[in-house]
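K.L.:
My structure is below; once you've seen it, I'll send some questions.
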Amino acid sequence: MRIVLLGPPGAGKGTQANVIVNKYKVLHISTGDILREAVKNETAPGLRAKKFMDAGNLVPDQLVTEMLTEKLKNSNVKTGFVLDGFPRTVNQAEILETALCELSMPLDLVIYFATSEQTILKRLTGRLICRGCGGIFHLTNMPPLKEGICDFCGGELYQRSDDCEQTIKNRIDVYNKQTKELIGYYERKNLLQKVSGDLDVEPLFIILQNILEKIF
Ligand code: AMP
């Protein structure tokens, strides 16, 4: 299983990626997570990426594609992977295609999460992330059993600094200007399947499962 989850911020890509990787035992590759880890560790790429991330802008293609190709080379991707948050530009999609072609592992499917702006704003302003396992919760839609504590690993929950209203608006803008054209790009390659990102976690996962089980 080699799939890309495509959609605006707050579409539920990360949440569904977590459910998919648990069920199908494939690798979850999130460029956002890789970048946040690099920022936390104050590596050279992390320090370069930080100002773009804080503003809700895309990190330059070269920086992010280098990190991604390194991850692909150094991970066991034979059993499959779910790419979440990558590619975000046509240039990134082309680099991905070349890298996967070299590994003889072309993409099987791109799932596009069509999501309304209202849902995006509601989800992101209340989103909580676990510092330990990356689990995703929501203040009202999916609250943890114990306030501030992850149900899965007991880690501390936090709100991402780019999940504030002004940065969210810019991230949506950036998505519309730079990422949305990937819908047509993958449609022309006959790889695209559209689902509704407005659905709650469980009904959407049932739909995804039906799609995945027809293919894998
Ligand atoms: P995410 O966790 O996917 O919402 O990503 C958080 C931030 O990381 C984005 O707002 C970008 O600044 C940066 N980022 C993540 N993935 C990419 C990518 N593929 N290309 C450029 N920037 C990215």
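K.L.:
Just wondering, is there one or more residues in the stretch 84-94 that are aliphatic (A, V, I, L, M) and part of a strand (DSSP E or B)?
P.N.:
Checked the stretch 84-94: no residue is aliphatic (A, V, I, L, M) and part of a strand (DSSP E or B).
K.L.:
Scan the stretch 129-150 and tell me whether some residue there is buried (at least 16 other Cβ atoms within 10 Å of the Cβ) and of a type in the set (D, E).
P.N.:
Scanning the stretch 129-150, I find no residue that is buried (at least 16 other Cβ atoms within 10 Å of the Cβ) and of a type in the set (D, E), so the answer is no.
K.L.:
Answer yes or no: is there a residue in the stretch 152-164 that is within 20 Å of I20 (Cβ to Cβ), more than 16 Å from the ligand (Cβ to nearest atom) and more than 15 Å from the chain's Cα centre (by Cα).
P.N.:
Within the stretch 152-164, one or more residues are within 20 Å of I20 (Cβ to Cβ), more than 16 Å from the ligand (Cβ to nearest atom) and more than 15 Å from the chain's Cα centre (by Cα).
K.L.:
Residues that are touching a Pro at 6+ places or on another chain (Cβ under 9 Å), away from the ligand (no atom under 14 Å from the Cβ) and under 20 Å from V21 (Cβ atoms): does the stretch 110-125 have at least one?
P.N.:
For the stretch 110-125, residues touching a Pro at 6+ places or on another chain (Cβ under 9 Å), away from the ligand (no atom under 14 Å from the Cβ) and under 20 Å from V21 (Cβ atoms): absent.
K.L.:
While we're on this one: Give me the pairs, please: first residue somewhere in the stretch 24-44 and over 18 Å from M105 (Cα atoms), second residue anywhere and open to solvent by 50 Å² or more (accessible area, probe 1.4 Å) and within 10 Å of the ligand (Cβ to nearest atom), beta-carbon distance under 7 Å, and either six or more positions apart or on two chains.
P.N.:
V39/K50
K.L.:
Any residue at all in the stretch 151-159 that is touching a residue at least 40 places away in the same chain (Cβ under 8 Å) and either buried (at least 17 other Cβ atoms within 10 Å of the Cβ) or not small (G, A, S) (or both)?
P.N.:
There is no residue in the stretch 151-159 that is touching a residue at least 40 places away in the same chain (Cβ under 8 Å) and either buried (at least 17 other Cβ atoms within 10 Å of the Cβ) or not small (G, A, S) (or both).
K.L.:
Condition test on V77, is it closer than 26 Å to Q193 by Cα, in contact with a strand residue (DSSP E or B) (Cβ under 7 Å, 6 or more places away or on another chain) and not small (G, A, S)?
P.N.:
So V77 passes the test.
K.L.:
With in a loop (DSSP other than H, G, I, E, B) and out of contact with any Cys (no Cβ under 9 Å at 6 or more places or on another chain) as the only criterion, which of R160, R171, R123 stands out?
P.N.:
Result of the check over R160, R171, R123: R160.
K.L.:
Answer yes or no as to whether A49 is more than 10 Å from the ligand (Cβ to nearest atom) and modelled with pLDDT of 95 or more.
P.N.:
In short, no.
K.L.:
What are the residue pairs meeting all of these: first residue in the stretch 49-61, first residue more than 15 Å from K177 (Cα to Cα), second residue near the ligand (Cβ under 6 Å from one of its atoms) and in a loop (DSSP other than H, G, I, E, B), Cβ atoms under 6 Å, and 6 or more apart or on different chains?
P.N.:
Sorted first by the residue in the stretch 49-61, then by its partner, the pairs are A49/V59; F52/V59.
K.L.:
I would also like to ask the following. Pairs, please: C-beta under 9 Å, at least 6 apart or cross-chain, first residue among the basic types (K, R) and in the stretch 193-206, second buried (at least 18 other Cβ atoms within 10 Å of the Cβ)?
P.N.:
K194/I111; K194/Y112; K194/F113
K.L.:
So which residues in the stretch 21-32 are more than 16 Å from the ligand (Cβ to nearest atom), in a helix (DSSP H, G or I) and open to solvent by less than 90 Å² (accessible area, probe 1.4 Å), if there are any at all?
P.N.:
Listed by number, the list holds a single entry, Y24.
K.L.:
Next up: Do you know which residues across the stretch 67-109 are open to solvent by less than 40 Å² (accessible area, probe 1.4 Å) and away from the ligand (no atom under 14 Å from the Cβ)?
P.N.:
Scanning the stretch 67-109 gives S75, V77, G80, F81, L100, M105, L107, L109.
K.L.:
Among the residues of the stretch 33-45, is any within 10 Å of the ligand (Cβ to nearest atom), part of a loop (DSSP other than H, G, I, E, B) and surrounded by 20 or more Cβ atoms within 10 Å (Cβ to Cβ)?
P.N.:
Checked against the condition, which is being within 10 Å of the ligand (Cβ to nearest atom), part of a loop (DSSP other than H, G, I, E, B) and surrounded by 20 or more Cβ atoms within 10 Å (Cβ to Cβ), the stretch 33-45 yields no hits at all.
The values are calculated or read from the model by the stated rules, or taken from the named source; none is laboratory data. What you are looking at is a predicted structure, and each value in this text was computed from that prediction instead of being measured. Reconstructed Cβ throughout: ideal geometry from the backbone, glycine too, with neighbour counts over all protein chains shown. The area values use the complete protein model at the heavy-atom level, side chains included, leaving out ligands, DNA and RNA. Shrake-Rupley method; radii C 1.70, N 1.55, O 1.52, S 1.80 Å.
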